[in-house]
Each structure stands twice: as structure tokens, then as C-alpha cells.
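Peer 1: For reference, the structure I am asking about is given below.
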Amino acid sequence: MLARWARICLIIITVFVLAIYLPDIYWKAFEERAPRAYIQFSPVIDKFVIMKSDKKGFRIYDSDGVRYSREEYDRLLPLYNARQLVYEQDFPDSLRGVELNLDEIRRNDIRLSVHPAAFHQSEIPMYPMMESQSGRAKLVYSDYFFRIDDRMEFFSASANDIETELTEKFTRELSDQNFAFPAVYIAGNPTTRKSFDEGYFIIDSQNTMFHVKMVKGEPFVARIDIPDGISISYINVKEFDLREFYGVAVTSEGECYLISYDNYRFVKLPTPPYQKDFNELKIYGNLFFRNMISISDTGMTCLITDRDYQPIDSYTDTWKDRAQTTAGVIASYLFPFQLNLKIERSLFVYPYLQLSTWHSLFGILILLVLTFFLGKKNKNEGRTNLVNLIVVLLTGIYGFLSILLFTPIHRKF
Amino acid sequence: MIRAIFYKEWIKLRWPVILLGFLAIAMLINVWLSVMWDIKFREAHIYWVMVITNKQLFYHSLMFFPVIAGVLVAFFQFVPEVHQNRLKLSLRLPLTDRLIILSMTSFGFLSLVGLFLFLLIGFVLLSSFYFPGEILTDIFWTIFPWFLGGFCAYFLSATIIIEPTWTRRIILVPIAYGLIHTFFLAMNAFGSNAYSYRKSLLFFILITIFASFTVYYAVHRYQKGVE
């Protein structure tokens with residue numbers, strides 16, 4: 001009995017390993033992926049311009065199908081190719097009635113993204129507090145980290161101990177503004193690779209947002225009322241010289257709001273169809289437009305708006321996802337399911353199970369028949385044969401290989 | 001009788017376990033000297049940023065210890081048994097073979113538990129001088145899957161060693177490798193992700209439990225005299 005169970009355990013482990021590595025090796029050998037199209041919106045012709053390289057070759061065309069050469073392409077996107085055009089001494093003085101100045105172009109060039117993994121990860125709940133007005137050009141980390149449970153505790157890294165003065169100052173300031181401890185969510189941009197620091201956006205237990213930063217060693221706390229009904233899951237804080245918004249907040253329903261510098265007003269961001277757990281959202285901006293791009297496994301949609309976020313135009317490009325390629329179809333016959341311990345849209349290690357289509361039933365049927373005939377060869381192992389059949393039924397090729405590899409105890413190879 | 005078996009196992013494992021204990025101490029000293037050097041010459045808060053924000057591990061080298069320990073303990077416990085067929089004699093003792101094997105593997109498992117606890121407690125104690133509780137929790141969640149991988153390495157190594165046929169042994173090695181690899185997936189290009197295994201720890205504990213039973217498959221094949 002134990003011997004039978006030991007064999008089953010071995011089979012379970014082998015199925016687990018095969019279900020991960022067989023598809024993995026298969027895809028490494030046979031996966032085909034077309035490079036993604038590069039989609040931009042031209043302020044010169046007011047149309048989308050797409051650069052694509054696939055089986056039909058490399059080509060550049062606009063949303064009406066008109067073709068362009070590489071040099072013409074550079075001129076359709078003067079803001080994006082500013083450096084190249086200046087190098088060629090062909091940079092326009094003005095565009096759309098606005099005088100073009102390289103510094104202004106750089107200042108208005110913003111990019112921000114929201115990746116599905118942002119909603120599927122854990123972080124260590126200690127945050128570095130930077131001095132936001134140190135009087136120095138370069139940002140440096142301070143010695144202090146904080147966490148917020150029943151008060152805002154500051155730690156000194158060099159002493160590995162609580163820094164009481166800062167703790168009391170900040171906690172008092174937060175309490176004065178009716179902060180409901182503990183904090184539910186803390187978002188910031190802890191890096192020194194930016195020109196200035198805006199500290200943290202913290203949501204308390206009563207769903208009120210606070211903007212907290214350290215100014216000349218003293219706490220700066222601003223209370224922000226979140227508009228009704230919005231439940232924020234994630235905030236990507238990013239400091240831009242443009243100082244239009246502090247960052248983008250994404251709600252549990254996948255709606256996006258920009259937190260503007262204008263008194264922390266929530267500006268609803270129009271997006272193309274976007275599911276926060278499956279799509280990557282990229283936000284680009286330049287002197288004239290805003291471009292919101294939603295990317296999935298099967299395509300991408302770009303939504304162009306003006307600087308006031310009024311939609312102008314949109315463009316969708318689709319491609320076959322892996323399951324729809326020839327290799328993918330064959331895989332659906334071969335593998336009844338695939339196990340992945342890591343996937344792109346999450347930072348957690350977890351047995352992500354991907355079931356195949358009904359195609360796999362063909363494979364399972366063939367293997368069941370083979371297993372049955374194997375069983376006939378060993379007539380006196382009734383129960384083992386039953387176990388084998390169940391294993392193959394449930395796990396297809398992985399189970400079939402396992403039962404072949406690990407014969408019942410008493411049999412020699 | 002079980003005490004006698006434990007004593008026999010202890011005689012086999014005495015030196016390997018002590019040596020592994022010293023290896024653990026050496027690894028701890030190595031890691032800690034590096035950390036202290038780094039904190040002295042960079043600043044403490046840069047180090048904290050590396051660990052908290054960039055999720056870099058300062059204790060990479062500890063990663064290898066559990067699997068090495070698991071394989072070594074299995075080796076020193078079971079190779080002498082299999083050599084010259086001695087296991088056959090052990091299994092003729094007046095106890096069920098289940099109990100005999102259970103005692104043997106329990107002893108090996110408990111030795112590993114002791115070693116891993118020693119490493120964990122030592123490391124957490126040292127870390128508590130320099131880092132706050134949040135980082136210590138993260139350390140635990142990062143190291144624990146490695147320990148589970150070490151246990152799987154022990155059980156599967158025992159299975160491979162006891163398995164009588166070479167063909168099966170050769171088949172088991174890549175399967176064991178693939179399985180153990182799944183416990184070390186939280187490492188990415190520049191470090192580790194905090195609490196990566198948080199959602200699947202029970203699953204991996206279950207896998208380890210399944211792995212523990214596979215030893216009996218090899219033992220039973222050994223007993224039946226499979227060539």
C-alpha cells in the first residue's frame with residue numbers, strides 16, 4: 001500500500017516537473033514572435049504613423065495606408081527625432097503655430113507606465129524619506145526610512161534605531177490633519193535619478209489621501225480628499241520637470257486618474273480598452289499631444305488626445321498570440337495544460353495553470369488507448385492499471401511519460 | 001530499537017553534520033564581513049535602499065547551503081547502506097521496513113532541520129543588528145523556499161542513491177534537478193522579489209511532503225531485488 005502511494009507521489013512530482021519543463025523547452029525551440037509595430041502620432045500630418053517589420057518586410061505607413069521612407073518618417077515626427085533633425089540641420093523653427101525650442105521639447109516629453117505586475121507584488125513596507133529641498137542640485141538619500149502603523153516611525157539606517165524627533169514631528173503633523181492610522185497604501189518614487197522629490201502619497205484607513213514630504217527637515221503634509229467612490233489600488237508617482245501631475249492613480253476597477261499639481265485635482269485619464277491585470281498601460285506626452293497605449297498579448301490600442309485629454313484619434317494593431325501560431329496549435333494537441341511558475345503579469349511565484357483547448361482530448365484519447373494496451377500486457381496488476389489510466393486521463397502526456405518511467409515496484413524495467 | 005537506529009545514523013552523520021555546521025558558520029561570517037565592509041565604506045542608508053527598494057540580496061551565497069547540505073546528508077547516510085548491500089541487513093531488523101526507513105529518513109531530516117534552524121537563527125540574529133524587522137521578515141520569506149528545496153534535495157538524493165537500477169537513477173537526476181530548481185525562482189536579474197513565494201508556500205510545502213514519500217519507492221524496489 002505504501003509502495004503504491006510512494007509511486008503515486010513520484011508520479012505527481014514528475015508530472016509537476018514535466019508540466020513546467022516540457023512546454024518550456026517546446027516554446028524555446030518553436031516560438032515565433034513578430035516584432036511589435038512602432039506606432040506614433042505625427043503632429044505634421046495629424047495621423048498615426050506605423051513602422052512595422054514582419055514577414056512582409058519592413059515598411060512605414062500612415063493610418064490611411066500612404067507609404068513613407070525612413071527620411072520622410074523622421075520628418076513626420078520632429079519632436080521625437082529632434083536630435084537627428086538638428087544633426088541634419090533640418091529641424092523646423094515652428095510647428096502648429098508654436099515655436100520649437102529644444103529645451104521646451106525636452107521639458108514636455110513625459111512618459112509613464114503601469115504594468116500588471118504592479119498589482120501583483122508585495123514590497124517591504126519601509127520607505128526612504130528624502131530631503132526635498134536640500135539646497136543641493138543632486139538628490140541624495142537621507143539616513144531615514146519610515147513605516148506607518150499606529151504612528152509614522154522614522155528609522156535611522158546608520159543607527160538601526162528609531163529616530164524619535166522626526167517620528168514625533170511627523171506623527172503629530174499627520175494627527176493634526178486627522179490621519180487615520182495605520183496607512184493602507186504608501187506610494188512614492190524612491191530613486192535619486194530625478195531632478196526633484198515629491199515625497200509620498202499615502203492613503204489612510206479611512207480612504208483619505210495625504211501628500212507627505214520632508215522640507216528642510218520639517219514635515220509637509222497636505223490632506224487630499226479622494227473623490228467619492230474611487231478605491232485606489234496603485235499610484236505611480238513620477239516627478240517631471242513639466243510639473244503637470246504628480247503621477248497616475250489606478251483604481252480597483254482599472255480607471256486611471258492623474259493627480260494634478262493644480263490643488264491635487266483628480267483628472268480622469270481617457271484610456272483605450274484597459275484591464276489592469278492583463279494590459280500594460282503606457283502614457284506618453286509631448287508638446288502637442290498625449291498618447292495612451294494599452295498593450296495585451298494580442299494587440300495594442302493607441303489613444304491620442306490633446307493636452308486637455310480630449311480624445312482625437314485612436315489606432316489598433318493586432319497580432320497573433322502564441323496560442324494562435326502553428327506552434328501554438330500543435331501545442332494545444334500535445335499539452336493538456338501548461339504550468340508556469342512565473343508569469344510576466346505577476347511577481348509572485350505560483351503554479352499558474354493554463355488549460356489547453358479541447359484539442360488536447362485527442363492526445364489524451366490516444367494515450368489512454370496506449371495505456372490500456374500496456375495494461376493488458378500485465379493483466380495481474382489490476383489496481384495499478386486503473387491508477388495508470390486515471391493518471392493519463394488527468395494529465396495526458398505528462399502522466400503517460402511518468403507511468404512509463406516509474407513502473408510499479410516489483411517489476412523490473 | 002529505534003534509538004539504536006538513530007545512534008547508527010548519528011555515527012554515520014556525526015562528522016558531515018559538524019562539518020556542515022562549520023560551513024554554515026563560515027558562510028555567515030563571509031556574508032557579515034561583506035555587509036560590515038559595505039556599510040563602512042558606503043553609507044548605511046545606501047545599503048538599506050539596495051535591500052529595500054532595489055531588492056538586492058546581500059546573502060546570495062547562502063542560497064547553495066540547503067541543497068548542498070541535503071545532498072551531503074543523504075550521501076553520507078545512504079551510500080554506506082547501499083554499498084555492499086548493507087541495507088538488506090538493516091531491513092531485516094525486527095521492525096517493519098517502513099519504520100526502519102522512516103527512522104532513518106527522519107534522522108536525516110531532523111539533522112537538516114537543525115542545520116537550517118542554526119543558519120536561520122544565526123543569520124536573523126546578526127541581521128537584527130543592522131536591519132529592522134521588516135527586512136528580517138523578508139529574509140525569512142526568501143530563505144524558507146531554499147530550505148524546502150534543501151529538504152527535497154535530501155529526499156530525492158536518498159531515492160536516487162537507494163534506487164537499484166542505474167537507468168532509473170539517471171532518469172531521476174534531471175527530474176530532481178527540475179524540482180529543486182522550482183524553489184529558487186525568486187531570484188531575478190538584480191536580486192529577489194519580496195515575498196515572492198507568499199502565495200504558494202503551502203503548495204511548495206505539499207510538494208516537499210510528496211517528495212518525502214518517494215524514498216520508499218526506491219527502498220521497495222531495492223528490497224524486491226530489482227536489477
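Peer 1: Describe numerically, in nm with one decimal, the distance between label points set 7 Å from Cα along Cα→Cβ at A:Ile162 and at A:Trp358.
Peer 2: Result: 6.4 nm between the two label points.
Peer 1: Of A:Asp321, A:Asp204, B:Asp138, how do they rank once you tally other Cβ atoms within 10 Å and put the fewest first?
Peer 2: Least to most surrounded, the residues fall as A:Asp321, A:Asp204, B:Asp138.
Peer 1: Still on this structure: Projecting each Cα onto the charge dipole of the stretch A:277-413 (Lys/Arg +1, Asp/Glu -1 at the beta carbon, about the Cα centre), which of A:Phe372, A:Tyr352, A:Leu394 comes out farthest on the positive side?
Peer 2: Sorting the options by dipole projection puts first A:Phe372.
Peer 1: Follow-up. Above 29 Å lies some portion of the pair distances; for chain B, what is it as a whole percent of all C-alpha pairs?
Peer 2: 34 percent
Peer 1: What residues qualify as long-range amide H neighbours of A:Asp313, i.e. H under 5 Å apart, gap of 5 or more or another chain, H built at 1.01 Å from N?
Peer 2: For A:Asp313, whose amide H was placed from the backbone, the distant partners under 5 Å are A:Ile304.
Peer 1: A follow-up question, please. I want to check the label-to-label distance for A:Met1 and A:Lys55. Put each point 7 Å from Cα in the C-beta direction and report it in nm to one decimal.
Peer 2: So the label points at A:Met1 and A:Lys55 sit 5.9 nm apart.
Peer 1: Only Cα pairs within less than 10 Å get springs; with that Gaussian network setup on chain A, which residue of A:Arg67, A:Arg136, A:Arg290 has the largest fluctuation?
Peer 2: Evaluated over chain A, the most mobile residue of the options is A:Arg136.
Peer 1: Quick check for you: which residues of the stretch A:345-365 have the amide N under 16 Å from the point 7 Å beyond the Cα of A:Trp27 toward its beta carbon?
Peer 2: A:345-357
Peer 1: Can you pull out the trypsin sites (Lys or Arg not before Pro) in the stretch B:155-227 that DSSP calls coil and that have at most 15 other Cβ atoms within 10 Å?
Peer 2: In loop regions of the stretch B:155-227 (DSSP not H, G, I, E or B), the sparsely surrounded trypsin sites (Lys or Arg not before Pro) are B:Arg198, B:Lys199, B:Lys224.
Peer 1: With a cut-off of 8 Å between alpha carbons and a minimum separation of six or more residues, what is the relative contact order of the stretch A:80-203 in percent?
Peer 2: The normalised contact order for the stretch A:80-203 reaches 18 percent.
Peer 1: Further question: Quick check: the distance between the Cα centres of the stretch A:6-51 and the stretch B:134-175, to the nearest angstrom?
Peer 2: Using only Cα atoms to place each centre, the spacing works out to 29 Å.
Peer 1: Now for a separate question. Can you list the residues, at least 5 places off or on another chain, whose amide H is less than 5 Å from the amide H of B:Lys224, using H built in the peptide plane?
Peer 2: none
Peer 1: Using modelled amide H (1.01 Å from N, peptide plane; none on Pro or chain starts), what sits under 5 Å from the amide H of A:Tyr185, excluding residues fewer than 5 places away?
Peer 2: The list, which skips near neighbours in sequence, is A:Ile203.
Peer 1: Can you run phi through the Karplus equation (6.51, -1.76, 1.60; θ = phi - 60°) for the stretch A:368-376 and list ³J(HN,Hα) in whole Hz, with x for Gly and Pro?
Peer 2: Rounded to whole hertz, the list is 4, 4, 4, 4, 4, 5, 4, x, 4.
Peer 1: Using alpha-carbon positions, what is the distance between the centroids of the stretch A:248-262 and the stretch A:219-247, in Å?
Peer 2: Here the two parts' Cα centres lie 8 Å apart.
Peer 1: Return the sequence-ordered ³J(HN,Hα) values of the stretch B:121-135 in whole Hz as given by the Karplus equation 6.51 cos²θ - 1.76 cosθ + 1.60 applied to θ = phi - 60°, using x for Gly and Pro.
Peer 2: Rounded to whole hertz, the list is 5, x, 5, 5, 4, 5, 5, 5, 6, 10, 10, x, x, 4, 5.
Peer 1: Then there is this: In whole Hz and in residue order, list the ³J(HN,Hα) couplings for the stretch A:256-270 that follow from phi through the Karplus curve 6.51 cos²θ - 1.76 cosθ + 1.60, θ = phi - 60°; x for Gly and Pro.
Peer 2: In residue order, the calculated couplings are 10, 10, 8, 8, 7, 5, 7, 6, 6, 5, 8, 9, 5, 8, x Hz.
Peer 1: Most mobile of A:Lys28, A:Lys213, A:Lys47 per a Gaussian network model of chain A (Cα springs, under 10 Å)?
Peer 2: Evaluated over chain A, the most mobile residue of the options is A:Lys28.
Peer 1: Averaging the inverse of every distinct alpha carbon separation and then flipping it gives the Kirkwood radius. What is it for chain A, in angstrom units?
Peer 2: In chain A this quantity evaluates to 26.1 Å.
Peer 1: How much FRET efficiency would the formula 1/(1 + (r/R0)^6) give for B:Trp37 and B:Tyr177, where r is the Cβ-Cβ distance and R0 is 30 Å, rounded to 0.05?
Peer 2: 0.30
Peer 1: Over chain A, what relative contact order in percent results from Cα pairs under 8 Å that are six or more residues apart?
Peer 2: 14 percent
Peer 1: Counting helices only, and only those DSSP H runs with n ≥ 4, report the 222 nm mean residue ellipticity of chain A as the sum of -39,500 (n - 2.57) divided by its residues, in deg cm²/dmol to the nearest 500.
Peer 2: Mean residue ellipticity at 222 nm (helix-derived): -9000 deg cm²/dmol.
Peer 1: Additional query: Which whole-number percent gives the relative contact order of the stretch A:104-167, counting Cα pairs below 8 Å spaced six or more residues apart?
Peer 2: 19 percent
Peer 1: Right, another one. Check cross-link reach from A:Lys238 to the aspartates and glutamates: straight Cα distance under 20 Å, and skip same-chain residues fewer than eight apart.
Peer 2: Answer for A:Lys238, where 20 Å is the Cα cut-off: A:Asp103, A:Glu104, A:Asp109, A:Glu123, A:Glu131, A:Asp197, A:Glu198, A:Glu255, A:Asp262, A:Glu280, A:Asp308, listed by chain and number.
Peer 1: Which of A:Tyr261, A:Tyr398 comes first, and how do the rest follow, when ranked by fewest Cβ neighbours within 10 Å?
Peer 2: So the residues, fewest neighbours to most, are A:Tyr261, A:Tyr398.
Peer 1: With springs connecting C-alpha atoms under 10 Å apart, model chain A as a Gaussian network and identify which of A:Gly65, A:Gly57, A:Gly328 has the largest mean-square fluctuation.
Peer 2: In the Gaussian network model the winner is A:Gly57.
Peer 1: Here's something else I'd like to know. Divide by every residue of chain B the summed helix terms, -39500 (n - 2.57) for each DSSP H run of at least 4, and state the resulting mean residue ellipticity at 222 nm, rounded to the nearest 500 deg cm²/dmol.
Peer 2: -27000 deg cm²/dmol
Peer 1: Also, quick follow-up: Sort out for me the Cα centre separation of the stretch A:87-141 from the stretch B:92-107, rounded to whole Å.
Peer 2: So the two Cα centres are separated by 66 Å.
Peer 1: Which ordering of A:Glu165, A:Glu218, B:Glu134 is given by a fewest-first count of other beta-carbon atoms within 10 Å?
Peer 2: A:Glu165, A:Glu218, B:Glu134
The numbers here are math on the coordinates, done by the rules we state, and not lab data. Just so you know, these numbers come straight off a predicted model, no measurement behind them. FYI the Cβ positions are ideal-geometry reconstructions off the backbone, even for glycines, and counts take in every protein chain you see.
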